[in-house]
Ligand SMILES: [Zn+2]
């Protein structure tokens, strides 16, 4: 291990002066989710939907009014969530995909800044893979304007420069280059996760991430909005991504999926055959692995632990200058044996040709 590379290692420096080691996983905070309380020990940060806070008028005023008294202490957002670690917020962009929000970019950005979010999301325009070129271009340009506006407004929080561009690699590149011109200190890759599915293909997403990392430079943290599949995260890290957020742990549990570092399982067969044993407290404390599958809350807690642990392992590996490629190869050996149809291995290889 060389001291030089330790010093050069990319970190996330929030405006309160705290340096956060990367990579990081930010589970989506859901106030009524007991799992969040259960897993608090494993959580290094979280993401909160600022739009949900903002649309509750009384709460909105309360949070914004407390601004002054919290200037010297924890922010009103941190007090509200009851969590003093890193908190990012999102803007309601996802909700905006399905309904009209009556929300102005400037207002939701100012609100996130006032309540003390560490990482502020502008109201970007989500661009699903089906959007045609003119639509993707229009959404990208509007997103760019809103990022510029957010950078001018925010005083306390880091503004996420959001890349859009849909399924068009040249637009993705233009968007990342524009963020570099704006000199953003934090880059977020928007609308990329829909390009993944059970086949885990890196063909498009891998190229987007690699290009974005090249264009934004080595030091700017790069967040992939909505990413939370444990077997994909290490590959995204190798391609230059650092921060992930998701509520996948709950979605997967709802569908009966049990996450492992090698991919999610629909039934306990491989576990019963001894091919993998989960060291998480929820599995260790359970009567049997079937009991974890049968208990929605336990499955959710296990899934959340698995994502957090995956990212912590990566962080520890990078901190000791470990061999990431060797780690990826070991993951692929098991993954491709378990899921022979998966495109993860073949598309990963193809990225290096
Ligand atoms: Zn477990």
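Odds and ends about this structure:
- If R0 is taken as 25 Å, the Cβ-Cβ distance between residue 181 and residue 155 corresponds to a FRET efficiency of 0.70.
- DSSP beta bridges fully contained in the chain are about 15 percent antiparallel.
- Classified by the C-alpha gyration tensor, region 131-258 has a prolate form. Its axis ratio a/c, with a ≥ b ≥ c, is 1.5 or above, and a/b is larger than b/c.
- When each of 183, 42, 290 is scored by the number of other beta-carbon atoms lying within 10 Å, the sequence from fewest to most is 183, 290, 42.
- Across region 200-295, the mean sequence separation of Cα contacts (distance under 8 Å, 6 or more residues apart), normalised by length, yields a relative contact order of 21 percent.
- Neighbour counts of C-beta atoms inside 10 Å place 144, 327 in the sequence 327, 144, starting with the fewest.
- Of 261, 281, 23, the residue with the greatest mean-square motion in the GNM of the chain, using alpha carbon springs below 10 Å, is 281.
- Shape of region 133-176 from the C-alpha gyration tensor: prolate (a/c of 1.5 or more and a/b above b/c, with a ≥ b ≥ c the square roots of its eigenvalues).
- Cα gyration tensor, region 3-255 - rounded (a/c under 1.5), prolate or oblate: rounded
- Of the residues 333, 131, 113, the one that moves most in a GNM of the chain with alpha-carbon contacts below 10 Å is 333.
- Among 80, 326, 335, the residue with the largest mean-square fluctuation in a Gaussian network model of the chain, with springs joining Cα atoms closer than 10 Å, is 326.
- Nearest-0.05 FRET efficiency for residue 13 and residue 133, computed from C-beta distance (R0 41 Å): 0.65
- Relative contact order of region 218-353, taken over Cα pairs closer than 8 Å and 6 or more residues apart, is 24 percent.
- Its relative contact order, with pairs defined as Cα atoms under 8 Å and 6+ residues apart, puts the chain at 16 percent.
- Projected label distance in nm at residue 198 and residue 60, using a 7 Å step from Cα toward the beta-carbon: 4.1
Coordinate-derived values only; no laboratory data. The shown structure was predicted, so the numbers you read here are calculated from the model rather than taken from an experiment. For neighbour counting, all protein chains shown are included, and Cβ atoms are generated from backbone atoms with ideal geometry for every residue, glycine included.
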